[in-house]
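Scroll down for the structure; my scribbles are underneath it.
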Amino acid sequence: MNAIVAPVAAVATPLDNAERFERALGPALAATGPFSLVEAHRADVAATISPAALARLHDLEFPMSLVPAEWGGQRRDFHHLLDLARCLTRRQVALMPATMYGIGPLCALDIAGTEAQRAQALIDTREGRPIIFALSEADAGSDLQTGVTTAEQADDGWRLHGRKWMLGSTAAARHAAVLARSGDAGPAGLSLFWTRLDRGAGARDLPATNVVGMRGIDFGGLVFEGLAVSSEACIGAPGRGLELTLLCQQPVKLLSTAANLGASESALRCAVDWASTARAGRKLTAMAHVRHMLAGAFADLLLLEAVSVTGARALSWLPGQCSILTAAAKHAALMQSERILAACGKVLATRALMRDLPWHGLYERVCRDLAMVQAIDTNPVVNLRGVGTQLDALALRLDSTKSPNLPQELFGFDDACPAPRLRDLQVVNRGGDALAESLPSLIEQVADNRAIEPRLRAGVVAELERFAALRRQLLGGRGALRAALGAGYAGSSALIEQAERYLRVHLAACATQVWLRNGSADDEAWLLLALRRLRQGDSADRGDPDPELDEAVWARLASLTKTQASYSQRPIQLSLHG
Ligand SMILES: Cc1cc2nc3c(=O)[nH]c(=O)nc-3n(C[C@H](O)[C@H](O)[C@H](O)COP(=O)(O)OP(=O)(O)OC[C@H]3O[C@@H](n4cnc5c(N)ncnc54)[C@H](O)[C@@H]3O)c2cc1C
């Protein structure tokens with residue numbers, strides 16, 4: 001069992017918690033300032049990252065929050081990291097890749113690196129250099145096994161040959177973790193190499209790719225032309241490369257949800273602000289349908305928050321099940337932020353198309369940035385496929401009457417979180433999916449909880465029963481699951497559909513657990529709206545309106561807006577106007 005990491009350093013620093021960090025960033029809506037929305041707009045138009053913002057984050061030692069404390073960094077747990085990253089992405093998504101790109105290699109070194117490799121990574125991070133996770137190749141796509149980068153054995157180590165693409169800001173990097181084939185065909189022939197990028201001696205940078213969003217980040221590439229790496233360069237044993245990569249993609253994809261959380265929250269705040277301001281004697285929020293759309297988007301955001309925070313905490317509390325939990329968070333991040341942006345776009349209407357209005361064109365920039373986030377770690381379809389391949393094993397526990405082992409600290413936003421246990425991550429889930437398995441007992445807990453307003457209680461129970469039935473239907477049809485699995489890597493359309501439906505069950509259970517643990521009387525309505533929308537999917541906005549529920553959720557959203565608090569189950573005070 002891990003010791004609980006001391007939550008606050010002896011001397012308080014801006015990185016201690018999100019509210020302090022938020023204050024250190026300065027007011028978002030001020031006319032100047034490195035983290036103001038004016039500056040984010042200017043940097044986006046110029047396709048740069050503000051040097052003043054980078055310098056300030058460096059002074060605050062923000063990048064050190066990625067490096068484990070045991071080897072000299074300041075990383076505590078992923079919930080803390082998610083909260084800090086979310087402060088950045090509320091302002092500008094590109095600040096996250098600009099400062100956090102090293103997370104994948106750092107996780108690989110945390111799991112299997114040597115002291116010397118970790119020491120070099122610490123120095124690079126301290127100096128503000130990106131560390132590159134060089135996995136993808138243009139022609140291989142998500143199937144990393146088809147990559148053609150090789151590591152040839154030499155007397156003094158290895159020689160790398162190949163070409164990697166879409167890597168963040170390679171020009172400034174000194175080291176990369178490079179996935180290359182060092183052995184036979186098949187998954188055990190791939191290794192991950194801690195590589196010093198000696199330009200001119202076998203490593204060359206490729207120019208940045210011209211992309212639509214996260215402008216200022218150079219999505220460049222690397223070419224290896226016989227680059228020499230030492231015999232100690234392998235991270236873990238030779239042949240562990242694919243396994244390590246798949247393990248590291250779990251914390252990486254979880255952390256990427258901070259982009260969806262922060263950016264879609266700001267888009268929603270911008271839309272609420274726009275709609276609540278009277279112009280020519282009218283306010284858009286005077287219309288029930290506008291309130292309905294904004295309330296739905298808010299409920300979608302709180303569900304996403306519940307799942308992301310749970311996934312982050314699970315890296316400490318339940319690492320063996322993170323292949324499902326982090327994939328669920330990634331899926332929810334894409335699905336929910338798309339829906340939030342769609343609702344905000346409808347409310348902002350013509351203004352949604354403008355590059356400088358309102359809030360310095362925040363909405364339009366966020367749409368482009370979040371389009372990039374879709375593919376940043378794992379392709380969304382491939383993410384679903386990864387869940388699909390685990391469904392048959394999860395079905396074995398369908399009729400289990402044993403209560404799942406689910407630490408309650410997983411869901412308490414205010415509870416201390418131990419250090420992450422990345423060495424206990426598993427490529428595929430062997431411990432079941434305790435979240436979805438908790439549904440039957442969860443239904444009883446909600447039904448018995450007299451503190452919940454009766455109409456809400458009945459509504460939530462009814463929704464959860466539908467999700468429980470969906471789980472039985474999906475996992476009960478093992479013949480269909482096995483047929484889908486048997487179709488192999490390329491023939492898995494049914495598997496992807498089943499995974500998408502299964503994740504709705506997981507998300508419903510997760511959101512309800514978080515709601516039970518963190519809810520208060522003035523914000524309890526969101527869950528029912530979020531569950532209904534989750535069940536209805538794309539037709540959510542066309543479903544039967546429930547004005548009473550809409551108004552309760554809208555009241556909470558309006559109140560958080562008025563007090564300049566974050567849109568969260570545990571709101572923090574935002575720094576908007578100073
Ligand atoms: C912003 C950004 C940052 C990135 N950063 C990095 C980085 O740091 N390091 C790095 O190595 N790479 C990075 N990448 C590359 C990234 O990981 C790519 O997504 C990867 O190369 C996969 O390619 P692809 O998304 O084009 O999808 P492909 O795998 O080519 O898939 C295209 C489509 O084919 C279908 N498909 C593919 N496989 C399956 C399947 N098994 N089952 C069903 N359908 C399937 C899906 O519809 C999918 O959308 C980054 C990409 C972006 C956009």
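Per-structure values
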read-out	value
Selected from LEU261, LEU529, ALA483, residue furthest toward positive end of dipole (the chain; charges at beta carbon)	LEU529
Simple spin-label estimate for ALA375 and THR146 in nanometres, 7 Å along Cα-Cβ	1.5 nm
Cut-off of 10 Å, at most 13 other beta carbons, DSSP loop: longest stretch of the chain lacking such GluC sites (Glu not before Pro)	233-578
Listed peptides 101-114, 286-299, 176-189 by packing density, highest first (mean Cβ within 10 Å)	101-114, 286-299, 176-189
Global geometry of segment 473-517, whether rounded, prolate or oblate, following the gyration tensor of its Cα atoms and the 1.5 cut on a/c	prolate
Three-way shape call for segment 228-287 based on the alpha-carbon gyration tensor, with the a/c threshold at 1.5	prolate
Highest average packing first - 271-282, 155-166, Cβ atoms within 10 Å	155-166, 271-282
Calculated P(r) tail over 22 Å for segment 495-578, as whole % of Cα pairs	38 percent
Residues of type lysines that LYS562 reaches as a straight line, Cα spacing below 17 Å, ignoring anything fewer than 8 places off in the same chain	LYS283
Shape call, the chain: gyration tensor on alpha carbons, a/c limit 1.5	oblate
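Since every read-out is calculated from the coordinates, none of them should be taken as a lab result. Just so it is clear, the model here is predicted, and its values are computed rather than measured. All Cβ positions, even for glycine, are placed from backbone atoms using ideal geometry, and neighbour counts span all protein chains on display.
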